[in-house]
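Accompanying notes for the structure given below.
Please treat every number below as a calculation from the coordinates, not as lab data. None of these values were measured; they are calculated from a predicted model. Neighbour counts are summed over all protein chains in view; Cβ atoms, including those assigned to glycine, are modelled from backbone coordinates with ideal geometry.
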Amino acid sequence: MKFSSREDIAAPIDRVFAAISDFDAFERAILRRGATLERTDDLEQPGCGMAWKCSFPFRGKTRVLDAELVNFDWPELLKVESVSSSLNGYLSVELVPLSPRQTRLAIELELKPRSMSARLFLQSLRLAKASLTKKFKTGVRKFARDLEYRIG
């Protein structure tokens, strides 16, 4: 199952990329939402190979997710691959400069099942695809506006 959205941000591409690659801020946001998060790499600078182990409650169970930054192409592209016991996730964040002060943010999320129960779960989500897509686009829009505000 794929979700994608695009938003324009009134800021230069290098400042937008710096904000979306502020992994410490994302780690703090995840912890505030009640998940546990652990860095599993020893990199000192952001780049390919950064990895995390995250556990969080979902539908009455604690889920564990391993994520790795697989592409870090300054200032245009970030790709994260994640693996859990039942799903693989692929997140792509691409930036395109529209002008010196305008950047297009394109986010794509793909979920693939690793088990029969995950396949059934994703099938049930397909029934609500329209509302999930709307929520995804709303979330990306809010993320873009927050970035724009933070970058100022």
Residues whose modelled amide H sits under 5 Å from the amide H of LEU87, counting only those 5 or more places away in sequence or on another chain, are ARG114
Dividing the helical contributions, -39500 (n - 2.57) per DSSP H run of n ≥ 4, by the residues of the chain yields a 222 nm value, nearest 500 deg cm²/dmol, of -11000 deg cm²/dmol
Cα-only Rg/Rh for segment 5-52 with Kirkwood Rh rounds to 1.04
For segment 1-89 (alpha-carbon point model, no solvent) the Debye-based log₁₀ I(q)/I(0) at q = 0.15, 0.17, 0.18, 0.24 Å⁻¹ works out to -0.68, -0.86, -0.95, -1.37
Straight-line reach check, LYS135, cutoff 20 Å on alpha carbons, 8 or more apart in-chain or any other chain, hits among lysines -> LYS2, LYS112
Whole-percent tail of the Cα-Cα distance distribution for the chain, cut at 21 Å, equals 50
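Pairs of Cα atoms under 8 Å, at least six residues apart: use those to get the relative contact order of segment 2-151, whole percent. List each step's numbers first, then the result.
Details: 268 pairs, mean separation 42.7, N = 150.
Once normalised by length, the contact order is 28 percent.
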Under the 7 Å Cα-to-Cβ spin-label approximation, LYS129 and GLU108 lie apart by a distance in nanometres of 1.6
Quick calc: nm separation of the 7 Å Cα→Cβ label points for ALA29 and ARG6 -> 2.2
Expected unfolding gain across ALA19-ASP42 under the 0.36 nm per residue rule, minus the alpha-carbon gap, is 6.1 nm
